[in-house]
Structures are given as structure tokens and as C-alpha cells.
Amino acid sequence: MMSGLLRAISQRILGRTPQLHSLLRANRDFFQALDQAQPMECYEFVVLDTELTGFDTKSDEIVSIGALRIRGLQIVPGENFYTLIRPKKDLPKDSTLVHRITPQDLEAAPSIEEVLPEFVSFCSTGLLVGHFIELDMGFINRETTRYMGGTLANPAIDTLRLVQRYKEKVCGLANERFCFNSSYRLDDLVKEYGLPAFVSHDALQDAMQTAYLFLFLVKNLQKNGFHTLKDLFLAGKVKRWLV
């Protein structure tokens, strides 16, 4: 029987997209029936981050993925996902300077096609959360399309957009200039709101950092009239995937 890797290579050579993987089919079925009218505490969220060789979704690659789970608006201890990923091309030196992942670190790491089923399974029923998550999902959905026949159906919430909405509500028109001059970098927001600080440019640590920011924003938005998932989704939804 042809291995999954050889099958994926042959499909790429022949220019074929694989059939929709059963995990993605179940993922789509689950979110087709999603009720957005319940309080935010009723939903499960998966906060994620990736480290990349660069920002070009056509040529750059994922070198690590980190994710964690939130239930009842609390981080679930021990329910984490983290892996290094061996890229197809040589690791650029510039990217190592950012995320401190070296070629030696990646020599024994699994390939993206080996990682995807476990990652998709981890995310299967959670609403996705990330800081500028459009970039992460652009890379992830490029790979799920290539190796699993389609994209993740999970609705996604961008903490960057949530921060913008939160500042609109909290600052008000009187402080509009201050709000628009504020930084939206994750590490700057952590300092601004007095949140616990984690190591930056590490996928799991950045996911944890984003989770603390997300919970801070949700609880403060609840005080300003945002109560249901639909309220939250409209405040921080991603407009499009970059695939």
C-alpha cells in the first residue's frame, strides 16, 4: 500500500487535490449546525499560533504549531498541542533569528503532512482564536487543502480585531486619538493590560499569551454589552482566509 507521504507526492506531481479527509468532513458537519446565540461560556475555543520561515503564503512554510484549549472561558490545563515541523526547503537564517528554531532542531521533526491529522483533530470542535490569525490560517489551510482536500470550517476570531473593538468601547470618542495611536503588537498589549508575559516567537508560548489576552478582552467586552458568541464573532471575526 502506498504510504501517505508517497501518495501526497504523487498527487502533487499529477496536480490532483486529494479527496476531502474524513476529519475535515466531520469538522464541516459540526460547524454547519453551530448555534451562535448562546453565552460565550458555553463554547470551546482553540487558541493557536504558528512560527514560519517567512510571510509569503505561496513559498514560505510552517516550522512549528502551538495551540491550547479554553472551556467555560478558562484555559484547560494540559490540553495543549505543540510540534516542530520539518520544512521542505532549507530554513532561512533570517527566520532563525526571529523564532530561534535551527536546522538542527528540525532534522528529526515530522513533516507537515504527518502533523496535520492530529492538529485538525485537536481543533475539530473549537472556535479558533489567534492574534492576526488570518496569517496563521492562510498557511494552515494551504496545507490542509494540499494534503487533506479542503480547509478547516472552524469560525475564527482575531484578538487584534477584538482589541480594536475593545478600545472603541472603552476609550470612546474623547480619547479616539490615543486609541488609534496605540500599538497592537502582542507583547505591547500584554504590558498595556498588565497580563502575564511569556516567551515571544515560540508557537505554544505565543498561543498562551494570546489566550490570556483573549480572556481579558472577552470578560471586559461582556461588561460592555457583548454576551453571546454572535456578539463576539461580529466583534473579532476574520473577514477572509489568505489561501
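Worth a mention:
- Helical content alone sets the calculated 222 nm signal of the chain at -14000 deg cm²/dmol, taking -39,500 (n - 2.57) per DSSP H segment of four or more residues and averaging over every residue.
- Candidates A207, A153, A37: whichever shows maximal mean-square fluctuation once the chain is modelled as a Gaussian network with Cα springs under 10 Å: A37
- Compared with the alpha-carbon gap, the fully stretched path from S182 to V98 is longer by 27.9 nm at 0.36 nm per residue.
- With contacts taken as Cα pairs under 8 Å at a separation of at least 6 residues, region 18-236 carries a relative contact order of 28 percent.
- Taking every full run of DSSP H in the chain, the ones that stretch at least 27 Å from end to end by Cα along their long axis and average 0.5 or higher on the Kyte-Doolittle scale are 203-222.
- Note on D105/A37: beta-carbon distance plugged into 1/(1 + (r/R0)^6) with R0 of 51 Å gives a FRET efficiency of 0.70.
- With 0.36 nm allotted per residue and the present C-alpha distance subtracted, the S121-K88 stretch has 9.5 nm of extension available.
- Gained length - R28 relative to L73, 0.36 nm times residue gap less alpha-carbon distance: 13.8 nm
- For the chain, lysine pairs with C-alpha atoms less than 24 angstrom apart, excluding pairs fewer than eight positions apart on the same chain, total 24.
- Orientation-averaged projected area, Cα convex hull of region 36-163 (nm²): 8.5
- Residue with peak Gaussian network fluctuation, the chain [Cα springs, cutoff 10 Å], from Q32, Q222, Q205: Q32
- Gyration tensor (alpha-carbon) shape descriptor, region 92-238, a/c threshold 1.5: oblate
Quick note: the coordinates plus some simple rules give every number you see, no bench work behind them. This is a predicted model, so every value here is computed, not measured. Cβ: placed from backbone, ideal geometry, glycine included. Neighbour counts: every protein chain shown.
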